[in-house]
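Trainee: First the structure, then my questions, so here it is.
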Amino acid sequence: MGLTPPPPPFQYPVSWGPDMPPDHQAIWGAKVALAYFFIGLGSMLAAITAANDVRVSVPATGGVTESIRDIARFKFSVGVASLIALILGLGFLVLDAGKPSTAWQIITYGLQYGRWESWMFLGTIFLIVLFILDIAYSAIWLGNMRPNFLSMLFNKISSWYVVKGKMYSMRYFLIGIMIIFGILGASYGGVLFSQTNIGLWRNPTIILLFPVSGLSSAAATGLLLTLIIKDPSIRDTNLLLWSKIDLYAEASEATLTALFLYIGYISTYASESVYQVLFGRYSIYFWVLVVTLGIAIPMLLELALHKVNPRYHKYIIPIVTVLVLIGAASLRYYVVIASAYFYPPLSPFSPTQMQFPWGTYWGE
């Protein structure tokens with residue numbers, strides 16, 4: 001039976017502590033982990049491709065018109081991939097809710113009671129705005145693809161984004177807000193987790209770990225999508241750019257993961273959770289899926305990719321993408337599931353980070 005909070009001021013029942021009962025240990029599990037994995041992927045994918053548009057490279061190879069169309073196919077694919085990832089992320093959040101059919105009330109409830117400080121409400125707003133921006137961005141590049149019925153519909157409103165004219169400077173406004181909401185969308189999950197009363201999550205490092213992990217998975221996805229570019233010079237330029245972004249993101253992700261676990265290990269309320277990840281129940285999976293397959297091997301492959309001509313070693317790219325995505329999703333999963341082992345005898349949600357009435361099984 002779901003828990004519906006009363007009108008403000010809010011009160012939270014406490015039915016366990018300090019150890020969570022076994023039947024509650026998997027309440028927040030794979031669906032929540034996948035939700036924030038896809039949200040981070042889709043959000044940072046939008047932010048990266050928008051940032052890259054500050055200076056859209058249109059080489060003369062193959063003619064300017066053909067080059068624009070080649071870039072447009074790639075950018076449209078990135079925009080659509082971002083949309084799909086956001087849909088999947090929001091879908092998993094709704095499926096995890098105790099009352100999925102009323103999940104939309106997270107918006108109306110926040111507005112009705114003025115809960116602007118809650119990152120559940122703010123995160124939903126960020127993702128809705130980013131979703132709309134993603135649709136506009138995909139439509140813009142659709143208008144610059146090869147002539148067909150759909151692209152001709154968007155050609156007039158999208159030509160300003162590539163062809164310099166009176167409205168050319170407006171492109172920077174779109175780029176700016178896509179970057180801002182992309183970062184906010186990828187970060188909100190980490191902020192939300194850090195403001196709960198759960199020991200493992202109450203760690204400031206998680207605020208950076210979530211968007212950086214999203215950046216890594218987004219760059220790996222963009223790296224794979226470069227293969228649809230036909231012009232060899234454009235493809236190689238984009239391939240090396242997205243690979244470099246991914247390489248730096250993976251190095252940052254590895255550093256932040258180590259720092260996150262170290263802070264948790266020295267914390268009274270999170271040490272048992274970290275022990276289970278590093279040496280206990282989840283240790284084999286963590287060291288194999290996250291550390292080895294998700295970080296170490298992709299970094300080595302990308303370093304090798306920068307030492308050779310990528311045109312003749314394209315088979316490395318899908319391997320890197322798959323491994324990075326497995327590692328990012330696995331990292332989210334163990335951050336979520338390991339938190340069940342120990343935390344203070346308090347409600348898992350602090351007074352400002354309330355659970356909206358779209359349902360929950362916490363605190364039954």
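Trainee: 7 Å from Cα along Cα→Cβ at both VAL308 and LYS31: what's the point-to-point distance in nm?
Mentor: Spacing of the two 7 Å Cα→Cβ label points: 4.4 nm.
Trainee: From the cross-link list LYS75/LYS307; LYS75/LYS230; LYS230/LYS314; LYS244/LYS314, which pairs have alpha carbons spaced over 19 Å apart?
Mentor: Exceeds cut-off: LYS75/LYS307.
Trainee: Shifting gears a bit: Measuring from a point 7 Å past the Cα of ARG281 along Cα-to-C-beta, which residues in region 321-335 have an amide N at less than 18 Å?
Mentor: From region 321-335, the list is 330-335.
Trainee: What does the charge count around MET178 come to, taking other residues whose C-beta lies under 15 Å from its C-beta (Lys +1, Arg +1, Asp -1, Glu -1)?
Mentor: That works out to 0.
Trainee: Can you work out the FRET efficiency for the pair SER233 and THR268, with r the C-beta to C-beta distance and R0 = 51 Å, to the nearest 0.05?
Mentor: 0.35
We did not get these values from a lab; they are worked out from the coordinates using the rules stated. These numbers come from a predicted model, not from an experiment. So basically every Cβ, Gly included, is an ideal-geometry build from the backbone, and we count neighbours across all protein chains shown.
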